[in-house]
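Chemist: Following this message is one structure expressed as structure tokens.
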Amino acid sequence: MSICSQYFPEEPKAPVVATQEHPSVKSKVGIASLGKVFDSRGVYFVADYQKSNGNYIADVDGNVYLDVYAQIASIPLGYNNPVLHEVAQSDKMIRAIIDRPALGNFPGKDAEEIISEILKVAPKGQDKVWSALSGADANELAFKATFFWYQAQKRGYNTEFSSEEVSSVMHNQAPGSPELAILSFERAFHGRLFASGSTTCSKPIHKLDMPAFKWPKAQFPSYKYPLDANVEANKKEDARCLAIVEELFKTWSVPIAGVLVEPIQSEGGDNHASAEFFQGLRDITLKHGALLIMDEVQTGVGATGKMWGHEHFNLSPPPDLVTFSKKFQSAGYFFHDPEIVPNFAYRQFNTWCGDPARMILAGAIGQEIVKHDLSSQAARVGAYLFKKLEAVQSKYPEYMRDLRGKDRATFIAWSLKDAAARNKFLVDMKSVGVNIGGCADDSVRLRPTLVFEEKHADILVAAIEKVLSGY
Amino acid sequence: MYRAVKSNPLKRIATQSKRFVCSKYFPEEPIVPTILSSHIPGPVSTKLNNELGEVYSNSATYFVADYFCSIGNYISDADGNKLLDVYCQISSIPLGYNNPELIKAAQSEEMISAIVNRPALACFPSTNYKQILEDGILAAAPAGLDKVWTGLSGSDANEMAYKAAFMYAHSKKRGENGFTAEELKSVMENKTPGASDMVILSFNKAFHGRLFGSLSTTRSKEIHKLDIPAFPWPKTPFPQLKYPLNEYEAENKAEEDRCLQELESTIKNSSKKIAALIVEPVQAEGGDNHATPYFFQGVRDLTKKHDIIFIVDEVQTGVGASGKFWAHEHWNLTSPPDIVTFSKKFQAAGFYFGNPDLQPKQPYRQFNTWCGDPSKAILAKAIYQEIVKSDLVNHTAQVGDYLYAQLKALLGKFPDKVSNLRGENYGTFIAWDCATLEIRNQVLLSCRAKGVNIGGCGDASIRLRPTLLFEKRHADILLSVLEDVHKAL
Ligand SMILES: Cc1ncc(COP(=O)(O)O)c(C=O)c1O
Ligand SMILES: Cc1ncc(COP(=O)(O)O)c(C=O)c1O
């Protein structure tokens, strides 16, 4: 029996399309009513999680969609996964929910065990973790770690702060609040708080009207597809982009303490780059004494066919920090260098320093992925799906440009001719029972769970064909 | 080992305990602290903490706790010590450890679903999210504020409030016009006019969090800020009141007037538009610094006059501890704050607002993957309902009055060691200063050794942050330990 069937014997066999409109009547009422107290303008539909099962999400109007968006890439093991249900009812979880500790001051007896579970699936070369609450939070805490480390390198790890540092910092001025930068890439997405927002470069609407640090942006490779027909051109593209990074290190007005990059730029359009490009970044950061931060918030936890997306690149030495959130349910960063822990207490600190309830869940998710080798399953299903999509592409090339994500399991995307065509496609897919998401202006991305199998791929591909055949 | 057990007042308290609201929740709560190890942290705690240190930064650990054995106002540690807890996870435990009503909430179908099916709330909210908000977070909303946006921590709540303020101020400036081509282009380079050059104004000694935006408004201690790039945002003095308040009324009024004048001149001289001002009802981390309703009304008036969004940070003061549900209710403002932020004891975080324009005109601007956490909103609902059912805000006001009066008498006996008792008529949100940092740290350690877990703030202050189920009998234990400790200093 397939793993999905083991978890979800009752999973629907096919989507149910109960209404003509999406969102329909009850969803619309729900959206309007919620909107009086909570911004609901981005709501797709009001979901009925009790009725959702495995890869299928139900809405209040009786529609049951095959979900390949999965809460913006954040549902790892399907809706109402029975193993997670059990974990949620465990005594350990209940204590974690009701006795939430200030983890940095009063860790519970089971903290080490909870953290060790998470570390069992840490990326190669990483053996420590600091916990956070969301992707943006994880990235900003990683920036803080980077800045502490960078200044400690200059000052000496155990050297006291100077009196100028101590007096200027209360005025938010250098040298206490130093001018240092994190380098990120055009089309990157790293979150929407002030520092993460300063590194995000996906769309103006994500950034407008917020104060931002003047941090540099390099260019991320734009490849020609299919990759195997454009090897030379793409190699040149890597070299061009790496030269820009190198140039920014030399010329930027303030020192660059870290380079932040997604293994696949997700919100920004599912833009891929080669192992050589990432190794090039690793080399440049080493050369200039900066840290390399891999943002695995969206790529992490199995969806690319490896537990962590950057494991495809075999980086040497491994990245300095790897951030995570979304499908892991718990957020934070992995690292290995003990000097990334600041020299004094209360520097990398806040009230909760994470959330054991979510960390317990992360541990359980990691265990299930290992137990059932779900990364390999994702790779297998992804290869199957990619082939089928290639066939669709040859029939409807105009609606499936730059099909990408080969050998990246189900982390697949393609583009349409413009935003209008893409948006129409996303809406039309609901009318054939598939909940699917976009990225950038003109692209479609697949972000199913790790229990998405060949049978779901068949339904998805049939639905796509049905929509495209009407165009 | 615990000598205080044998003293009379405690026995008397023990026999009375059944009458109290806390016993309703915790019939098995310890009567007094239990100290089994010769030090805290004891050997088991130390061993576990060393193991933890291999994988997780542990330099701020007080002791390793045993939450399974903690109950009510008592926190148990890994060595079996049971301490009366008046620090409560940095002021974030509302109803005691292992509260049976919260256990029920944690076991509910609603909670289990929220844990295993965490939604991207702003895209796929569940059928019951509105009801969860209405029965909890919104039912508790401060007067005049009827909408909420949810986040994940105090820092997160404040930063989202800043975003709301920036977007509001720019939108007002822009009027009916859309974004200009220049804005759309420059923002991708993090440059004005697309990126904002507006600022948030905060007070000296304020604490609003530790991410990059919130940290730029935090002014508590150097160690909180060093080595982190910050925005060049302005600050202005917070009143330093003299105690006891009734003896220094004139001086204190003059001090508040001075700070209001400085505030107005900071506003007038700011070369950048001030989008928002943020203030805590009591500057907690910065030393439990209070100001009077007169001062806060003055701040409200100036923000109105100069078209500045007025944000009240109730992350630490909110949810009953001050003897009102929200501490800013003590001020009786002529118009409500524009935004009130919360976290900690509510377990859920976010901000309240009233003006619909504080929601950006376009969707997906105040946005992120999860936009909050329904499991925490469910907990907030249960917390709110218990607070109402057991009238815990009034309860806390009464216990606080008792505790304050007793502390005044007790600390008055050690005028060269302690001063500036504050928090009168302010529930259990009480603090005082020690003569030196060394004395403060000594008191904290000695209290812990005698079975009371207590926290500091500011340079040399001690703050009380007990649960809302803290009662006179707990106060008596605290007072007796404090007396012993001060006598031995
Ligand atoms: C790569 C990446 N980093 C960071 C984030 C921000 O995460 P969050 O929305 O949890 O703050 C996202 C969210 O989409 C992301 O895709
Ligand atoms: C008044 C106030 N605001 C904000 C914060 C930051 O909250 P958090 O630690 O949850 O980010 C705190 C934390 O102590 C606080 O006391």
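The values are calculated or read from the model by the stated rules, or taken from the named source; none is laboratory data. No experiment lies behind these values; they were computed from the predicted model shown. Glycine gets a Cβ as well: all are built from the backbone with ideal geometry, and neighbour counts include every protein chain shown. Only protein heavy atoms, including side chains, enter the accessible area calculation; ligands, DNA and RNA are left aside. Shrake-Rupley method; radii C 1.70, N 1.55, O 1.52, S 1.80 Å.
Chemist: Of everything in segment A:122-140, what is over 16 Å from the mean Cα position of the chain (by Cα) and at the interface with chain B (Cβ under 10 Å from one of its Cβ atoms)? Give them in sequence order.
Modeler: A:ASP127, A:LYS128, A:VAL129, A:TRP130
Chemist: Looking at (1) at negative phi; (2) within 16 Å of ligand 1 (Cβ to nearest atom), can you tell me which one A:ARG187 breaks?
Modeler: (1)
Chemist: In segment B:347-364, how many are under 23 Å from B:ARG118 (Cα atoms) and either in contact with a Phe, Trp or Tyr (Cβ under 8 Å, 6 or more places away or on another chain) or modelled with pLDDT under 95 (or both)?
Modeler: Going through segment B:347-364 one residue at a time, the tally reaches 7.
Chemist: Right, here's the next one. A:ILE94: buried (at least 24 other Cβ atoms within 10 Å of the Cβ), within 9 Å of another protein chain (Cβ to nearest Cβ) and at pLDDT 95 or above, yes or no?
Modeler: no
Chemist: In segment B:156-209, what residues are assigned to a loop (DSSP other than H, G, I, E, B), hydroxyl-bearing (Ser, Thr, Tyr) and more than 7 Å from chain A (Cβ to nearest Cβ)?
Modeler: B:THR180, B:THR192
Chemist: I need the full set of residues from segment A:123-136 which are buried (at least 21 other Cβ atoms within 10 Å of the Cβ) and either among the hydroxyl-bearing types (Ser, Thr, Tyr) or out of contact with any helix residue (DSSP H, G or I) (no Cβ under 8 Å at 6 or more places or on another chain) (or both), in order please.
Modeler: Matches in segment A:123-136: A:SER131, A:SER134.
Chemist: Can you tell me how many residues within segment A:50-68 are under 22 Å from A:GLU21 (Cα atoms) and open to solvent by less than 10 Å² (accessible area, probe 1.4 Å)?
Modeler: Matching residues across segment A:50-68 total 11.
Chemist: Return the total of residues in segment A:68-91 being more than 9 Å from every other protein chain (Cβ to nearest Cβ) and polar (S, T, N, Q).
Modeler: So the count comes out to 1.
Chemist: Give the residues of segment B:194-209 that are of a type in the set (Ser, Thr, Tyr) and within 11 Å of ligand 2 (Cβ to nearest atom), sorted by residue number.
Modeler: B:SER202, the sole residue that qualifies.
Chemist: For segment A:165-222, give me each residue that is touching a residue at least 12 places away in the same chain (Cβ under 8 Å), within 7 Å of another protein chain (Cβ to nearest Cβ) and among the hydroxyl-bearing types (Ser, Thr, Tyr).
Modeler: Matches in segment A:165-222: A:SER198 only.
Chemist: Next question. Please tell me if B:VAL319 is within 14 Å of chain A (Cβ to nearest Cβ) and β-branched (Val, Ile, Thr).
Modeler: yes
Chemist: Taking the condition free of Cβ contacts under 8 Å to residues at least 24 places away in the same chain, among the small types (Gly, Ala, Ser) and away from ligand 2 (no atom under 15 Å from the Cβ), does B:ALA275 pass?
Modeler: No.
Chemist: Is it the case that some residue within segment B:180-193 is of a type in the set (Gly, Ala, Ser), surrounded by fewer than 23 Cβ atoms within 10 Å (Cβ to Cβ) and more than 12 Å from ligand 2 (Cβ to nearest atom)?
Modeler: yes
Chemist: Right, something else. Can you find a residue that is open to solvent by less than 10 Å² (accessible area, probe 1.4 Å), within 10 Å of chain B (Cβ to nearest Cβ) and of a type in the set (S, T, N, Q) anywhere in segment A:106-119?
Modeler: No, segment A:106-119 has no match at all.
Chemist: Just to verify a result, which residue in segment B:433-454, among those that are touching a helix residue (DSSP H, G or I) at 6+ places or on another chain (Cβ under 7 Å) and in a strand (DSSP E or B), is farthest from B:GLN89 (Cα to Cα)?
Modeler: Checking each candidate, the answer is B:CYS434.
Chemist: Mind telling me which of the residues A:ARG282, A:ARG347 ends up being surrounded by fewer than 23 Cβ atoms within 10 Å (Cβ to Cβ) and within 16 Å of ligand 2 (Cβ to nearest atom)?
Modeler: A:ARG347
Chemist: Just name the residue that is farthest from ligand 2 (Cβ to nearest atom) out of those in segment B:322-370 that are more than 14 Å from every other protein chain (Cβ to nearest Cβ) and hydroxyl-bearing (Ser, Thr, Tyr).
Modeler: It comes out as B:THR334.
Chemist: Please give the number of the condition B:PRO27 fails out of (1) touching a residue at least 12 places away in the same chain (Cβ under 8 Å); (2) in a loop (DSSP other than H, G, I, E, B); (3) surrounded by fewer than 22 Cβ atoms within 10 Å (Cβ to Cβ).
Modeler: Tallying (1) touching a residue at least 12 places away in the same chain (Cβ under 8 Å); (2) in a loop (DSSP other than H, G, I, E, B); (3) surrounded by fewer than 22 Cβ atoms within 10 Å (Cβ to Cβ), B:PRO27 fails exactly one: (1).
Chemist: Separate question: From the residues in segment B:317-332 that are open to solvent by 20 Å² or more (accessible area, probe 1.4 Å), touching a residue at least 40 places away in the same chain (Cβ under 8 Å) and not in a helix (DSSP H, G or I), which one is farthest from ligand 1 (Cβ to nearest atom)?
Modeler: B:LYS324
Chemist: Residues in segment A:317-335: is at least one more than 16 Å from ligand 1 (Cβ to nearest atom), over 22 Å from A:GLY269 (Cβ atoms), assigned by TED's automatic domain parsing to the domain that holds A:SER274 and among the hydrophobic types (A, V, I, L, M, F, W, C)?
Modeler: Yes; the residues of segment A:317-335 include at least one that is more than 16 Å from ligand 1 (Cβ to nearest atom), over 22 Å from A:GLY269 (Cβ atoms), assigned by TED's automatic domain parsing to the domain that holds A:SER274 and among the hydrophobic types (A, V, I, L, M, F, W, C).
Chemist: Here are the criteria: (1) more than 26 Å from B:ALA348 (Cα to Cα); (2) at the interface with another protein chain (Cβ under 7 Å from one of its Cβ atoms); (3) aromatic (Phe, Trp, Tyr). Tell me which single one A:TRP149 does not satisfy.
Modeler: (2)
Chemist: I've got another one for you. Kindly establish whether A:ASP428 is assigned to a strand (DSSP E or B), surrounded by fewer than 23 Cβ atoms within 10 Å (Cβ to Cβ) and more than 16 Å from ligand 2 (Cβ to nearest atom).
Modeler: no
Chemist: Hey, can you tell me all the residues within segment B:210-222 that are more than 7 Å from ligand 2 (Cβ to nearest atom), at the interface with chain A (Cβ under 7 Å from one of its Cβ atoms) and assigned to a loop (DSSP other than H, G, I, E, B)?
Modeler: Correct list: B:LEU211, B:ARG219.
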